[in-house]
Amino acid sequence: MTTDAIVMPTTELDLEKVLLSGQTFRWQRDDQGWWISPIGSDGTILRAQQESGVLYVEACGGRAKDIAALYFHAGTSLLSLRDRWLSDDALELAVAIDNSPGLRIVRQDPVECLFSFLCSSAAPIHRIRRCVDGMSRLLGRDLGVHHGVQLWAFPEVERLAGVLRADLDSLGLGFRGRYIGDAARMVVERGGSHWLASLRSATYEEAKLELVQIPGVGEKVADCVCLFSLDKHQAVPIDVHMARVARRKFDECRDVKSITPKAYETFSGSFRARFGEFAGWAQQYFFYAEIERRGLWDQELGRHRPKPLSP
């Protein structure tokens, strides 16, 4: 692999925080201390290391600099977003940004993103990692060992459509397993991975309306897919943590007790009204800060930073 360099100071990218912040679930350290992960199902592998404000990247399956620039939305300036957000006197957000500068949104493969978040309901990050890794080992293409780490491509949606429920049960997916095959079959019927990727050119409202028709996909999963893979930067996923933030920040959310469909729109819409077209990026700061404030990161990550998963 050829090493490329992208100038990205830690105020624009904190690589470890981004990769461990609950957006994506397959990055791990290799035997040289670099972060490494397959990207989607086509066999692309990306390695990344950050030193002194420079992001060093290598890739199998394409030009590393181009792949990384897309994956990390390198063309979006966090400094510019911060100035725009804070013009609204968002004190809590200012504290969150100052405590975790460089926390930005990634742009994942839509199939991997959809099926990763189908595994996410009521599960901590370390358990989602295990489930996604298990699906990749079971149904994905073996990519071999790279820098001491055995890698598998994420399964193609057609392979997921034919999976047996018993095989999914063996991965510890629990009740979430019943959605995988049904969701994959619907995606295949609508055109497979190309159909999902085509939602990038739809409006946010159109894309979300299509996604919530997929078995197992509710408002939150749809917003995660929109935000983390479909370029819908205004999507604001709402879970119990973000509902807590919304009640604290917005008068119209203060007395909303449970996350009903109507309440979900109130919570999510309040963030969009305050933070505009990049409300989803602001949401990530609030989410990270709320988990940190409540001392839950050890619980989410399994009390350790991810190490290479055993072959």
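Read the figures in this text as sums done on the coordinates, not as results from a lab. What you see is a predicted model, and the numbers here were worked out from it, not measured in a lab. FYI the Cβ positions are ideal-geometry reconstructions off the backbone, even for glycines, and counts take in every protein chain you see.
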Q: Return the whole-Å distance between the Cα centroid of segment 235-308 and the Cα centroid of segment 155-175.
A: 29
**Q.** Contact order relative to length of segment 156-311, as percent, for alpha carbon pairs under 8 angstrom and 6 or more apart
**A.** 16
Q. Under the rule that a partner needs its Cβ under 4.7 Å from the first Cβ, which Cys of the chain have none?
A. Cys60, Cys113, Cys224, Cys226, Cys253
Q: Quick one: grab the alpha carbon gyration tensor of segment 19-78, order the square roots of its eigenvalues as a ≥ b ≥ c, and give me rounded if a/c is under 1.5, else prolate or oblate depending on whether a/b is larger than b/c.
A: rounded
Q.
What is the distance in Å between the Cα centroid of segment 36-92 and that of segment 178-201?
A. 26
Q: Identify which of the listed values of P(r) over Cα pairs in 10 Å bins from 0, in percent was calculated from the structure shown: (1) 6, 27, 37, 24, 6, 0; (2) 5, 21, 26, 19, 13, 9, 5, 2, 0, 0; (3) 6, 26, 33, 23, 9, 2, 0.
A: (1)
Q. How many lysine pairs does the chain hold where the Cα atoms are under 14 Å apart and the two sit 8 or more places apart or on different chains?
A. 4
Q: Run the dipole for the chain about the Cα centre, Lys and Arg Cβ at +1, Asp and Glu Cβ at -1, nothing else charged, and hand back the magnitude in debye, nearest 20.
A: 680
Q: Please identify every one of the trypsin sites (Lys or Arg not before Pro) in segment 205-311 that sits in a loop by DSSP and has no more than 14 other beta carbons within 10 Å of its own beta carbon.
A: Arg254, Lys257, Arg294, Arg303
Q.
Checking the a/c ratio against 1.5 first, then a/b against b/c, what shape does the Cα gyration tensor give for segment 83-182?
A. prolate
**Q.** Hz values of 3J(HN,Hα) by residue in segment 170-176 - Karplus curve (6.51, -1.76, 1.60), Gly and Pro given as x
**A.** 5, 8, x, 6, x, 4, 5
